[in-house]
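Chemist: Here it is: the structure, laid out below.
The values are calculated or read from the model by the stated rules, or taken from the named source; none is laboratory data. Owing to the predicted nature of the structure, the values given are computational and were not obtained by experimental measurement. Counting neighbours? That spans all protein chains shown, and the Cβs are built from the backbone with ideal geometry, glycine included. With ligands, DNA and RNA removed, areas are computed over all heavy atoms of the protein, side chains included. Shrake-Rupley method; radii C 1.70, N 1.55, O 1.52, S 1.80 Å.
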Amino acid sequence: MSTAVSHYEALSDTSDYECLICSELSIKIKSCAECSILICDTCLKTVDSCPQCRGSNFSRNAFVEKFVKKINVKCTCCNWTGDFSDFSTVHNGKCDSVPIPCSLCGTLIPNRTQAGEHRDICPANKKRCLYCQSKVQMSEMEAHLTNECEDAVKCELCGKFQLKDTIQDHKNAIFGWCEGVSADNIPSSSQKCGICEKIADFPEHYKTVHQLGWTDIVRILKSKC
C-alpha cells in the first residue's frame, strides 16, 4: 500500500477502481490484459504476475486513471474535501495533521507539527561532536560538551564552545573571534597608545582620552601590527 495516499475516505463506492492488493485508490494504476483487474504501480513492483490469473501483461488504464482522479474524497486527518487527484498530489503532502514516519528511525510521528520535536529526541539522530568526533544524540550534545568532551571548553565571555587548544586565541582582544570581548571585560594592561604613543592603561586610555569605542580601538591596534 502506498503511504502517500492512505489517509483519506472516499465519499462514494470505489471498490471497482481499487488496487486488488492494497485496496487503495491510485492515480497510477495498471490493468491486467488477461483478466482486467487493477493493480497500482506500488504493488505491481512487489509481484511477478497477476495474483488472480497469473498473467504478466499489465498496461496503463487511462479511463480508470481519469475517473479515479475525479473521485471525491475527504482527508481523515482534517476537514479537507476534494478530488482524489488534489488529495494525493497536493493536500496529503501539506496537511499538518497527517501522521508521518521519521526518516531516521521509522517511528510514526502523530502529525507533521511534531516532526521537529521528535527529531530532537530521535535516538537515531546522532551527529559527530565537532571537537572529539564522538557520535552524540542531538538532544544530548550540550550535556556532552559540558560534561564529557575532553577537547572542548565553554568561553566565559561569549558562552560558545571552543577547542581547548585555541581558547586563548579565541579570546585574544585584537585578533581573536570571540563576540563577547569588549573594552569592559578584558584585563587592563600598560602599553603604548597607538594614537598618541604615550604609555597608558589599555584600554581605558582609548576610551577616556580619545573617546573611542571598542570597534575603533581594535581597528587602530590592528593597523599598528
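Chemist: For a quick check of your reading: which strands (runs of 3 or more DSSP E) sit entirely within the stretch 1-74 and have at least 2 residues that are among the hydrophobic types (A, V, I, L, M, F, W, C)?
Modeler: Working: elements: 8-10, 29-32, 38-40, 58-60.
Hits in the stretch 1-74: 29-32, 38-40.
Chemist: Could you say which residue among 133, 162, 211 is modelled with pLDDT of 90 or more, on the phi > 0 side of the Ramachandran plot and not acidic (Asp, Glu)? Explain how you work it out, then say what you get.
Modeler: Numbers: 162 fails: on the phi > 0 side of the Ramachandran plot; 211 fails: modelled with pLDDT of 90 or more.
Only one candidate passes the filter, namely 133.
Chemist: Still on this structure: Where residues in the stretch 75-92 are free of Cβ contacts under 8 Å to residues at least 40 places away in the same chain and not in a helix (DSSP H, G or I), which of them is least open to solvent (accessible area, probe 1.4 Å)?
Modeler: Per the criteria, the residue is 82.
Chemist: Same structure, new question: Kindly indicate the residue of the stretch 178-199 that is under 27 Å from residue 141 (Cβ atoms) and at pLDDT 80 or above and also surrounded by the fewest Cβ atoms within 10 Å (Cβ to Cβ) among those meeting that condition.
Modeler: Among them, the one singled out is 179.
Chemist: Which residue pairs have Cβ atoms closer than 7 Å, lie 6 or more positions apart in sequence or on different chains, and pair a first residue in the stretch 151-178 that is acidic (Asp, Glu) with a second residue that is open to solvent by 30 Å² or more (accessible area, probe 1.4 Å)?
Modeler: That search, which allows pairs on different chains as well, returns 151/131; 151/132; 151/163; 151/164.
Chemist: Output the number of the condition that residue 124 fails; it satisfies all remaining conditions of (1) part of a loop (DSSP other than H, G, I, E, B); (2) out of contact with any Leu (no Cβ under 7 Å at 6 or more places or on another chain); (3) farther than 30 Å from residue 27 by Cα.
Modeler: (2)
Chemist: Another one. Can you name every residue in the stretch 146-177 that is loosely packed, with under 13 Cβ neighbours inside 10 Å, in contact with an Asp or Glu (Cβ under 9 Å, 6 or more places away or on another chain) and assigned to a helix (DSSP H, G or I)?
Modeler: Listed by number, the list holds a single entry, 165.
Chemist: Quick one: would you say residue 24 is within 37 Å of the chain's Cα centre (by Cα) and either of a type in the set (D, E, K, R) or open to solvent by less than 40 Å² (accessible area, probe 1.4 Å) (or both)? Steps first, please.
Modeler: On the way: within 37 Å of the chain's Cα centre (by Cα): yes; either of a type in the set (D, E, K, R) or open to solvent by less than 40 Å² (accessible area, probe 1.4 Å) (or both): yes.
Yes: the conditions hold for residue 24.
Chemist: Could you tell me whether any residue of the stretch 130-141 is crowded, with 16+ Cβ neighbours inside 10 Å and either touching a Ser or Thr at 6+ places or on another chain (Cβ under 8 Å) or touching a residue at least 40 places away in the same chain (Cβ under 8 Å) (or both)?
Modeler: Scanning the stretch 130-141, I find no residue that is crowded, with 16+ Cβ neighbours inside 10 Å and either touching a Ser or Thr at 6+ places or on another chain (Cβ under 8 Å) or touching a residue at least 40 places away in the same chain (Cβ under 8 Å) (or both), so the answer is no.
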